[in-house]
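Structure first, commentary second.
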Amino acid sequence: MAKLTEKTEITLGPKVPCSYKENCTGCQYLDFTYSEQVQIKKDHLNKLFISKNLSPLEPIEFVSAGEAFLRDRLDFSLQDSRLGLYDKDRKNILDLEVCAQLSPALQEWLTEFRKIRWPFAKGSIRLRVGPEGQKGVWLDFANVDIKALLEEQNILKELQKVAFVEIGQRRKVPFWTGTEFKLRDPQLNVWFQTWLGERAVDLYCQIASFTQPSLKANKLICATIADWVQSFPRSRVLEFGSGIGNLTLPTLCYAENVVACEIDELSLQGLQKSLDNLPGDLQPLKNKITIHRGDFQKKLTQDFSSFDGILANPPRSGLMNFLTPLEDLSAEQRPQFFIYMSCFPESMVEDFARLSACGYTIQKTLIVDQFPQTAHYEVLSLLQRK
């Protein structure tokens, strides 16, 4: 069985110090000890369940990869040379030199990156550190500022000496022709990894791609998914929101086959490259997956009765019309189990109410705390048909 590893003992430890806590909006729970934060999050989720008349069969579990310093990517805002997050009046950016949310590697990268002096007033910046410590930055600026940056040349030249750079909503990659900078198409690199037991497997994507925020916490997520899928051996699984394949690959290890559904074309390109670059002994996993692209919140072409289980990691808005075909089936035609992952429990319980009406019971619920010191948390739930 897959096991949860690197699980942190939750203690009555001291509060995490932060010199910005009076002004920064990033963390909401700095005045609470970590054990108090654990209880607050459990209570919040329990109240959401009660509001929808939901009765999980087992108490909520809570696992943590640490009380701070977990994030390997974070989005910052640039405003008049200040790089950080919004202050509490939501009008100005608070300049952050250090942040207890960041992993040591990302903090080091932020310190280095802050030495740059930008020639324009505002923009959005994502900093990321990959599994091998590689540094990346996504610069999301207005077109006029991107043009100015390409023409200025020196900032990009210095930046590319230490990091991989992506620019704009289309994630273009700047390259030097010998006389000027041009932009080429997005490039897939190893910016994240999934886990098959104790084995890390590379995932290809862009710096701007959606991934879980913490490499360390993600190992706990993958172990949970693998453990639950393994309890339904040789099952046929329909996955909604496969993204770059973070949950897909652990599922493939134990499922008979997986149909992966995703709307984002660049994410699917990453998933395909990750499959193509699997180590030799894992290559057979490629034969068990079928990939579909489409907006499955609006319309689903798959027949739910063809599957034993559903794996869903939807956006904040939840599953929406994805569940409609399930509701149209008879009880015995519906898949046996439903695994749901969400960082927005408000929409999750709305979906659970619909699943409950379809005869599903919440068997297990697990909070994986990827966002200590904040009001946010990740939820994994296993539901089973009565």
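Observations on the structure shown:
- Qualifying residue in region 129-146 (condition: more than 21 Å from the chain's Cα centre (by Cα), surrounded by 15 or more Cβ atoms within 10 Å (Cβ to Cβ) and hydrophobic (A, V, I, L, M, F, W, C)): yes
- Of Gln297, Gln302, Gln336, all but one fail to be at pLDDT 95 or above, assigned by TED's automatic domain parsing to the domain that holds His44 and not hydrophobic (A, V, I, L, M, F, W, C); the exception is Gln336.
- Residue match in region 258-266 (condition: more than 15 Å from the chain's Cα centre (by Cα), part of a loop (DSSP other than H, G, I, E, B) and under 23 Å from Arg73 (Cβ atoms)): yes
- Failed item, numbered, when Val98 is tested on (1) within 26 Å of the chain's Cα centre (by Cα); (2) at pLDDT below 95; (3) surrounded by fewer than 17 Cβ atoms within 10 Å (Cβ to Cβ): (2)
- Only one of the numbered conditions (1) touching a Gly at 6+ places or on another chain (Cβ under 7 Å); (2) among the aliphatic types (A, V, I, L, M); (3) outside any helix (DSSP H, G or I) is violated by Leu271, and that is (3).
- From Ser347, Ser356, residue being under 16 Å from Leu57 (Cα atoms), assigned to a helix (DSSP H, G or I) and of a type in the set (Gly, Ala, Ser): Ser356
- Residues of region 284-306 that are in a helix (DSSP H, G or I) and in contact with a helix residue (DSSP H, G or I) (Cβ under 9 Å, 6 or more places away or on another chain): Leu285, Lys286, Lys288, Phe304, Ser305.
- Complete set of residues in region 307-335 that are in a loop (DSSP other than H, G, I, E, B) and surrounded by 14 or more Cβ atoms within 10 Å (Cβ to Cβ): Phe307, Asp308, Asn313, Pro314, Pro315, Gly318, Leu319, Leu329, Arg334, Pro335
- Whenever a residue of region 47-58 is under 14 Å from Asp351 (Cβ atoms), its partners that are outside any helix (DSSP H, G or I), lying with C-beta atoms within less than 7 angstrom and at least six residues away or across chains, give the pairs Phe49/Pro56; Leu54/Ile362.
- Considering Leu249, Leu196, Leu238, Leu183, the condition of being farther than 20 Å from Gln384 by Cβ and in the same structural domain as Cys343 (by TED's automatic domain parsing) is satisfied by Leu249 alone.
- Residue selected from region 43-79 under the condition among the aromatic types (Phe, Trp, Tyr) and out of contact with any helix residue (DSSP H, G or I) (no Cβ under 6 Å at 6 or more places or on another chain), by the criterion nearest to Lys364 (Cα to Cα): Phe49
- Within region 82-191, strands (runs of 3 or more DSSP E) holding 2 or more residues that are touching a residue at least 40 places away in the same chain (Cβ under 8 Å): 82-86, 122-129, 135-140, 164-167
- Selection count, region 340-354, where residues are in contact with an Asp or Glu (Cβ under 9 Å, 6 or more places away or on another chain) and buried (at least 22 other Cβ atoms within 10 Å of the Cβ): 3
- Test: Glu22 is assigned to a loop (DSSP other than H, G, I, E, B), at pLDDT below 95 and under 27 Å from Phe232 (Cβ atoms): no
The values are calculated or read from the model by the stated rules, or taken from the named source; none is laboratory data. Keep in mind that what you see is a predicted model, and the values were worked out from it rather than measured. Here the Cβ is made from the backbone with ideal geometry for all residues, glycine too, and neighbour counts use every protein chain on show.
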